[in-house]
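A short write-up of the structure that comes next.
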Amino acid sequence: MTAPVTIQFAEVAPAAEHPVAEHKVEIAPAPPAALPAAISGPAATPAPSAPVWKDGTYTGWGYSRHGNIEAAVVIEGGRIASAGISQCRTRYSCSVIDRLIPQVAQRQSPNVDYVSGATQSADAFYGAVVEALSKAK
């Protein structure tokens, strides 16, 4: 943990009109445990140790204003073995979010990173994986 930071502000005015007033503000960083998941990121989510899902292949759809994505998730031994995009019906190529696909099995979670310029497609993929995993419970 780092030390608190002190910031000093001074009001600027001609010296003849007003004296200078000083304001001190101390800012202490929040402890990491207090950060919400949206800030700390999905990588901070630990992978489950026990089987969570029923074995099989499950599909789900994710939706965005640029089109829809169908994801297929394979469960083996109660864990995510792999994921993929089985149908890409978006205005843009789904190759822009290809790097998200292995993250599902690595993290044992639908929580994937965002891709700059492809936020809507990443959200659709996330939604599709969530729907597929909901069928595997």
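The values are calculated or read from the model by the stated rules, or taken from the named source; none is laboratory data. Being a predicted model, the structure only gives us computed values, none of them experimental. Positions of Cβ are generated from backbone atoms using ideal geometry, with glycine treated the same way; all protein chains shown enter the neighbour counts. For the accessible areas, the whole protein counts, side chains as well, though only heavy atoms, and no ligand, DNA or RNA atoms are used. Shrake-Rupley method; radii C 1.70, N 1.55, O 1.52, S 1.80 Å.
Quick notes
- One chain, two ends: GLN106 and LYS54. Fully extended at 0.36 nm per residue, the span grows by 16.9 nm beyond their Cα-Cα distance.
- Against the criterion of solvent-accessible heavy-atom surface with a 1.4 angstrom probe, ARG65, ARG91 sort, most first, into ARG65, ARG91.
- Using 0.36 nm per residue and subtracting the Cα-Cα separation, the extra length available between TRP61 and SER93 on full extension is 9.9 nm.
- At most 16 other Cβ within 10 Å, DSSP loop - chymotrypsin sites (Phe, Trp or Tyr not before Pro), the stretch 52-137: TYR92, TYR114
- You can think of it this way: the chain between TYR114 and ALA81 has 9.7 nm of extra reach, that is 0.36 nm per residue less the Cα-Cα gap.
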